[in-house]
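Have a look at the structure below before the remarks.
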Amino acid sequence: MSWAPKRFWAAVAVEPCEGGFTIRLDGRAVKTPAKAPLVVPARALAERIATEWDAQEGPLRPETMPATRTANSAIDKVRPKFAEVAEMLAEYGGSDLLCYRAGGPEALVARQKAGWDPLLIWARQRFGAPLAVTEGVMHIPQPPASLAALRTAVFGCDEFRLAALHDLVAITGSLILGLAVAEGRIGAGEAFDLSRIDERWQIEQWGEDAQATATEAAKCRALHEAAQFHGLCG
């Protein structure tokens, strides 16, 4: 049986500090797993993290502390490798989910068009990044200027927003959907539904799989948590 740390504190508090806000447990500042100070840029985010710590009883349950986990990731993993993480996310623009369409049946084609075209129009207007659409899964090149514009948008994040954007993009498989949630163009629930148009179509044709349904529910929760974290960054 693995050992798990248990709650040892009575009081949780949020305090301003150099660089933002920190969380204190009985006066002691919380640190990340890599022993860096857990300092976040906005009070609202710090208060959310503090709520997670205050809700712990007995052994700590990291699965119930999504904001804490993402903040730790931003500080310990994203900050020291910011350019590498940002570049990886920007590369999604070159093969974005929304650009690869079914050739049939007609109802699925229409569903993709109705759901995805408005977001591609938004990306063109918001970032000056028109993207080409193709039928099938064979890769097509995208306009270099569009990819550069999307890259600029990604690199404009700080490490905390980038950590959240990572999950928004990785879960949906789409840089455009991730940016749309981050910018408030759509909510996390709508983004998740749009990212699962193909899967939902297959379910309608062949029925549900219990394991796949559970996995999808977990991804949906994670997407909502990432969206909430991003929104709390200030």
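The numbers here are math on the coordinates, done by the rules we state, and not lab data. All values derive from a computational prediction rather than experimental measurement. Glycine gets a Cβ as well: all are built from the backbone with ideal geometry, and neighbour counts include every protein chain shown.
Computed 3J(HN,Hα) for segment 22-38, one whole-Hz value per residue from the Karplus formula 6.51 cos²θ - 1.76 cosθ + 1.60 where θ = phi - 60°, is 10, 10, 10, 10, 6, x, 9, 5, 6, 10, 7, x, 8, 6, 8, x, 7, glycine and proline marked x.
Among the GluC sites (Glu not before Pro) in segment 165-234, those placed in a DSSP loop whose Cβ has at most 16 other Cβ atoms within 10 Å are GLU183, GLU208.
Over the chain, what relative contact order in percent results from Cα pairs under 8 Å that are six or more residues apart?
Relative CO of the chain lands at 19 percent.
The chymotrypsin sites (Phe, Trp or Tyr not before Pro) found in segment 1-80 that occupy coil by DSSP, while having at most 13 further C-beta atoms within 10 Å, are TRP3, PHE8. Membrane-span-like helices of the chain, defined as complete DSSP H segments with a Cα extent of 15 Å or more along the helix axis and a mean Kyte hydropathy of at least 0.5, are identified as 144-155, 159-172. Here the extension length gained between THR134 and ALA55 equals 23.6 nm, from 0.36 nm per residue of separation less the Cα-Cα distance. For segment 45-108 and segment 185-234, what is the separation of their Cα centres, given in Å? Result: 13 Å between the Cα centres. When the chain is treated as a Gaussian network with alpha carbon springs shorter than 10 Å, the biggest mean-square fluctuation among ILE171, ILE23, ILE121 belongs to ILE121.
Multiplying the sequence separation of ALA10 and GLN202 by 0.36 nm and subtracting their Cα-Cα distance, what value in nm do you get?
Gain in length upon complete extension: 64.1 nm.
Amide H contacts under 5 Å for ILE140: none, restricted to partners 5 or more places along the chain or on a different chain, H placed in the peptide plane at 1.01 Å from N. Pairwise Cα distances in segment 1-60 exceed 13 Å for 61 percent of all pairs. Based on Cα atoms of segment 81-231, Rg over Rh with Rh as the Kirkwood radius reads 0.96. Dividing the summed helix terms, -39500 (n - 2.57) for each DSSP H run of n ≥ 4, by the number of residues in the chain produces a 222 nm estimate of -17000 deg cm²/dmol to the nearest 500.
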